[in-house]
1. Once the convex hull of the alpha carbons of the range A:1-83 is built, what does its volume come to per residue, in cubic angstrom?
2. Bin all alpha-carbon pair distances of the protein assembly as shown at 5 Å intervals from 0 and give each bin's fraction as a whole percent.
3. Can you pull the percent of Cα pairs in the range A:1-151 with separation above 24 Å?
4. At 222 nm, what helix-only mean residue ellipticity would the protein assembly as shown give, in deg cm²/dmol to the nearest 500, using -39500 (n - 2.57) for each DSSP H run of four or more?
5. Ranking request for peptides A:17-27, A:104-114: highest mean number of other beta-carbon atoms within 10 Å first, then the rest in descending order.
6. Once you average over the residues of A:105-116, how many Cβ atoms of partner chains fall within 10 Å of each Cβ?
7. Using DSSP H assignments, which helices in chain A have an axial alpha-carbon span of 30 Å or above and a mean Kyte-Doolittle hydropathy of 1.0 or higher?
8. Considering Cα pairs under 8 angstrom that are at least six residues apart, work out the relative contact order of chain A and quote it in whole percent.
Amino acid sequence: MTALDVALVGFGLLALAGALLAVTTRHIVHAALWLVVALGSLAGVYLVLGAEIVALVQLLVYVGAIVVLVLFALMVTRSPIGPSRDHATSPAHRGVAAVIAAGLVALLLAVLLPIAGSGAVTRQVTSNRALGADLFGTWAWPFELLSLLLLASLVAALAIARSRAVTGKEDA
Amino acid sequence: MIHAWPAVVLATCLIGIGAYGVLARRNAVLVLIGVELILNGANVLFVASGATVSVPSTAGSVLPLFIITIAAAEVVVALAVVLLAFRASGIDVTEKS
């Protein structure tokens, strides 16, 4: 174990704990806040892995924008504050979900662990200069398409949210 | 020096936890949180492979940037749909209105 490994495992355990609590807590608002913990420690993981820009974007976009959006959605849909069992699934349902998730983890580990190997390798730090040159060189067209996608999703979200809800009645 | 397997295990467990969140929650917004965790697992895998390959490459950092942006766009549209569905029939994804 090297120092980088220790840092990676530390941030990783924090992220896993946050993620686990985010999907199991009965406080609906707490789920979004545990998501902040998970995503914030994932930014630390990216830093340890030498991807500074990804870590910064993770903090800016995920923690700064997406979580706020999720919290707003919880507020607008009148989520109860405090523990709530209104929408809790049955233990059998949760058990089946856990079995499927565990099967998924086992499948992915069986495929990915042999690829990852067990030896220590030199960490490649992505230089911001090379990243910028590639982002606006090799990846320029996908990058432009991305702005088109953002514009389309903005317009679509406005159009969907402003349209009248379908209530099943003819005159709705 | 760094080992690749802890990052791979982290990514895999995030994807598993996210899948559990998608399957076991009935509140539509909490299902979205599970989807976010799955996307982050994919990002960890990209960054980890970019950091541990022998040939330096920026793709391991560029693709997560794209995924994060697409996730933001996806969440905006999904929350608009959730809002509309909530007005029509409530927040429960298993309920038929």
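1. On the way: hull volume 5.5 nm³, N = 83.
Hull volume over Cα atoms, normalised by residue count, gives 66 Å³.
2. 1, 6, 12, 16, 17, 16, 13, 9, 6, 3, 1, 0, 0, 0
3. Working: 6028 of 11325 pairs.
Within the range A:1-151, distances greater than 24 Å cover 53 percent of Cα pairs.
4. -24500 deg cm²/dmol
5. A:17-27, A:104-114
6. 5
7. A:3-24, A:28-48, A:91-116, A:140-162
8. Result for chain A is 19 percent.
Computed from the coordinates by the stated procedures, all read-outs in this text should not be read as laboratory data. Keep in mind that what you see is a predicted model, and the values were worked out from it rather than measured. Here Cβ is always computed from backbone atoms with ideal geometry, including for glycine, and neighbour counts include all displayed protein chains.
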